[in-house]
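The values are calculated or read from the model by the stated rules, or taken from the named source; none is laboratory data. Small disclaimer: the values here were computed from a predicted structure and weren't measured. A quick note on method: Cβ atoms are made from the backbone with ideal geometry, for glycine too, and the neighbour counts reach across all protein chains shown. Areas reflect the complete protein model, heavy atoms only, side chains present, ligands, DNA and RNA absent. Shrake-Rupley method; radii C 1.70, N 1.55, O 1.52, S 1.80 Å.
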Amino acid sequence: MGDWEWDDTLFLGAAAYYRRGRLPYAPGLADLLAAAVQLDGRGRLLDVGCGPGTLALSLAHLFGEIVGLDPDGGMIAEAEREATLAGAARKARWVRARAEELPAGLGEFTVATFGQSFHWMDRDLVAATVRDMLRPGGALVHIADLKTETRTVDGLPYPAVPYAAMDSLVRHHLGPVRRAGRGVLTHGTPGDEAAVLTRAGFSGPQRHVVPGGQALERTSDDVVAWAYSMSSSAPHLFGPRRDDFETDLRRLLRDVSPADRFSERQPSTEVFVWWKDPAGPAPVRSS
């Protein structure tokens with residue numbers, strides 16, 4: 001990530017758009033994790049970089065308690081609201097803090113999840129700390145959209161979301177280098193999580209893919225929300241030109257689909273399970 005440093009504006013203003021704009025994880029993710037990590041409704045989940053609670057709340061029925069951690073106050077507020085709507089507030093706790101501030105007195109966990117968040121962190125520090133926070137036989141689970149698949153809208157009724165043209169529009173308004181908070185990401189975000197987690201002492205991984213491909217229908221409001229949910233086009237980055245950007249974006253979307261409907265296919269979800277102990281999972285016990 002070069003000289004880029006995290007700051008608290010990374011997702012400023014994005015929380016209100018996140019749940020509507022972002023595509024969900026593939027159906028069947030919770031069932032896969034329940035089988036892979038031998039979950040039975042007990043134990044504790046730590047979701048690191050929880051955002052508005054999307055992942056943690058989808059897994060809440062697999063645990064006795066869920067704890068979501070995120071440095072963005074807007075994300076934490078959305079997570080609290082969504083937990084109440086989902087009837088999960090009594091078993092959920094939301095902590096505003098950076099992952100680098102762990103363990104933060106949060107105790108021991110059965111599973112720690114990172115849903116497309118690990119790349120924003122001091123990964124070596126966070127991985128080592130989280131390993132110490134896991135109980136014997138506990139697991140760290142890295143979850144992301146499957147990047148290697150090609151998703152087309154062949155056979156679906158509406159045009160595809162024009163992501164390439166949208167990216168060009170963002171660069172027109174914000175400059176050619178990807179924005180991230182108060183800085184820029186000249187070289188993008190880092191990869192090779194396997195090397196980081198191996199250095200931290202985890203064993204594995206076990207790789208799973210939850211298949212996607214389901215047909216989705218999106219409106220221009222959904223697509224605009226997607227744009228504002230991204231760190232590279234978060235609302236605050238546009239400053240006083242935000243209305244100009246949104247006008248241009250909606251014009252682009254209207255030109256692509258006058259019917260204000262877009263087709264998309266659900267991404268598959270790639271899951272890597274890393275174990276604290278070489279022996280793998282221990283029987284789940286109550287916290």
Subject >> Residue that is surrounded by the fewest Cβ atoms within 10 Å (Cβ to Cβ), among those in the range 34-62 that are more than 15 Å from the chain's Cα centre (by Cα) and at positive phi >> reply: 41
**OP:** Being in contact with a helix residue (DSSP H, G or I) (Cβ under 9 Å, 6 or more places away or on another chain) and not in a loop (DSSP other than H, G, I, E, B) is the filter; apply it to the range 102-113 and report the residue that is surrounded by the most Cβ atoms within 10 Å (Cβ to Cβ).
**Re:** 112
Original post:
Filtering the range 114-137 down to residues that are farther than 27 Å from residue 182 by Cα and open to solvent by 30 Å² or more (accessible area, probe 1.4 Å), which residue is farthest from the chain's Cα centre (by Cα)?
Top reply: 136
Subject >> Among (1) out of contact with any Phe, Trp or Tyr (no Cβ under 8 Å at 6 or more places or on another chain); (2) assigned to a helix (DSSP H, G or I), the one test that residue 78 misses >> reply: (1)
Original post:
All but one of (1) touching a residue at least 40 places away in the same chain (Cβ under 8 Å); (2) open to solvent by 60 Å² or more (accessible area, probe 1.4 Å) hold for residue 204; which doesn't?
Top reply: (2)
**OP:** Identify, by number, the condition in (1) open to solvent by 80 Å² or more (accessible area, probe 1.4 Å); (2) within 20 Å of the chain's Cα centre (by Cα) that residue 146 doesn't meet.
**Re:** (1)
Subject >> residue 140 being touching a residue at least 12 places away in the same chain (Cβ under 8 Å), open to solvent by less than 30 Å² (accessible area, probe 1.4 Å) and not in a helix (DSSP H, G or I) >> reply: yes
Subject >> Test set (1) free of Cβ contacts under 8 Å to residues at least 60 places away in the same chain; (2) open to solvent by 40 Å² or more (accessible area, probe 1.4 Å); (3) touching a Leu at 6+ places or on another chain (Cβ under 8 Å) - residue 165 fails condition number >> reply: (1)
Original post:
Could you say which residue among 147, 91 is among the charged types (D, E, K, R) and either under 21 Å from residue 58 (Cα atoms) or in contact with a Leu (Cβ under 6 Å, 6 or more places away or on another chain) (or both)?
Top reply: 91
Original post:
Inside the range 158-210, can you point out the residues that are assigned to a loop (DSSP other than H, G, I, E, B) and of a type in the set (A, V, I, L, M)?
Top reply: 161, 177, 185, 200
